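Data first, discussion second: the structure below is written as structure tokens.
Bear in mind these aren't lab numbers, they're just calculated from the coordinates by the rules spelled out. Just so it is clear, the model here is predicted, and its values are computed rather than measured. Cβ sites come from the backbone with ideal geometry, for glycine too, and all protein chains shown count toward neighbours.
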Amino acid sequence: MTAMLPSAPPRKRAPSARALATRQRVFDAAEQVFARQGFDGATIRDIAAAAGEPVGTIHHHGGGKEALFHATVARRADTLSRARLDALARLRATDELTPDGLLRAFMQPFFALSRDDPRWRDYARLVAFVSTDDRWRAISASCFDPTAQTFMDALHQRRPDASRSRIAEAFVFSVSAMLALLTSQGRIAALGGTPVPEDQQFDHLIHFCAAGFAA
């Protein structure tokens, strides 16, 4: 009697172009709504309305609200981390690992991505929410901490006299200033009275943060 061979598991079909487009629309809408209303203020119905999709579609692609928030933050994290690590690799090749250069390598990619795609400004607001709310500590740990630790290691090598906690303190202060510039340019213009080009503001940001490390 011939032994029956186990059948191969059915192949999963690749998502169709239509399904991929719907998924992107869902996450773009989630990013926009979470950025404007925060996690607590946003609802799945708000996201569905922004996406032009039924509520069921939002649940299908993103799960519940908390899972959707996590996935929305994670969606761009790898792109940002790769850009930062590539900038660090280029900086290492020049052997000019000053605090100024390291901070520029960490921050510049976020501004470059935001100039190419304004949706990154919404993403900066999400990062700000995650950075200031202990509920999202696990998101920070998985999406942002590995790259942050790499840059902190390099900064610590430049200031071995400083404790790790002081390096972390200065780094978090710097990240907060970066996110403020990405999300609050209107506030700066309102207080300053005269709009300033972003590239000039960015240079001021780097000098400000590097001076903090020097202090």
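A few points about this structure:
- Relative counts (whole %) of C-alpha pair distances in segment 17-63, using bins that are 10 Å wide: 32, 58, 10, 0
- Over all distinct Cα-Cα pairs of segment 37-91, the Kirkwood formula returns a hydrodynamic radius of 12.9 Å.
- Span from the segment 154-215 Cα centroid across to the segment 29-86 one, whole angstrom: 28 Å
- Most positive-pole-ward Cα, Leu97, Ala168, Phe69, against dipole of the chain from beta carbon charges: Phe69
- Rounded to the nearest 20, the Cβ-based charge dipole of the chain about its Cα centre (Lys and Arg +1, Asp and Glu -1) stands at 760 debye.
- Which of Ile206, Ile47, Ile188 has the fewest Cβ neighbours within 10 Å, and the rest in rising order: Ile188, Ile206, Ile47
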